[in-house]
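Report on the following structure.
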Amino acid sequence: MQQTWPQAYGFVRKSEGGNDDDKADHGGRTSRGITQREYDAWRVKQGLPLQDVWLASEQEIETIYHDNYWEPNCDALPAGPDYLLFDFNVNAGPHRATVTLQRALGIADDGIFGPKTLAAVQSANASDLIEKFSAEKISFYEALNQPRFIHGWLNRVAEVKANALTMIGVD
């Protein structure tokens, strides 16, 4: 729900960290989880001149997160699952995040977040969904076969899972 946005945003910002330009990372030059390509597209859409993503203001980063990864679906979800989806939207993209969510729900995994996916999330046991979604994320990361990044990805899965469980009152 909308009231969880500030908490979810804080968690994701912490997970994404600062600036990065690791040549082994397909995202390329990145700041706080936002790639240069993504930032360029956002600035063009805003009618602003291009600039280095490392110079992006915190307000710009928050707006991109909210508009591109929280909207349009996370507001309609219960606390916990909303953050799970938001975090994976940022980390793997909205299509992959929706497919992963649908697999965790045991419904058709077409990558389209429509009324069936929404109804399935809203009727799911939040704790069970958090467990299943986390397991699906682990499978996804392991299938990427990128040993350089797997440790960090698995740590993030564990942290996100713990945060999501806390959001629903489970310690």
Please find, within segment 102-126, the residue that is farthest from Cys74 (Cα to Cα) out of those that are surrounded by 15 or more Cβ atoms within 10 Å (Cβ to Cβ) and among the polar types (S, T, N, Q). Gln102
Can you list residue pairs whose Cβ atoms sit under 6 Å apart, with the first residue in segment 129-143 being acidic (Asp, Glu) and modelled with pLDDT of 95 or more and the second being in a helix (DSSP H, G or I) and surrounded by 19 or more Cβ atoms within 10 Å (Cβ to Cβ)? Count only pairs 6 or more apart in sequence or on different chains. Glu136/Thr100; Glu136/Ala104
For Gly111: the one exception among (1) at negative phi; (2) touching a Ser or Thr at 6+ places or on another chain (Cβ under 9 Å): (1)
Looking at (1) at pLDDT 95 or above; (2) surrounded by fewer than 21 Cβ atoms within 10 Å (Cβ to Cβ), which is the one condition that is false for Phe86? (2)
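Does Trp153 fit the bill of being more than 21 Å from Trp5 (Cα to Cα) and under 14 Å from the mean Cα position of the chain (by Cα)?
Taking the combined requirement at face value, the residue satisfies it.
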Is it the case, given these coordinates, that Asp21 is closer than 16 Å to Pro6 by Cα and among the charged types (D, E, K, R)? no
Return the residues of segment 127-169 that are farther than 17 Å from Arg96 by Cβ, among the charged types (D, E, K, R) and buried (at least 16 other Cβ atoms within 10 Å of the Cβ); say none if nothing qualifies. Lys161
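The values are calculated or read from the model by the stated rules, or taken from the named source; none is laboratory data. Keep in mind that what you see is a predicted model, and the values were worked out from it rather than measured. Quick reminder, even Gly has a Cβ in these numbers, built from the backbone with ideal geometry, and neighbours come from all protein chains shown.
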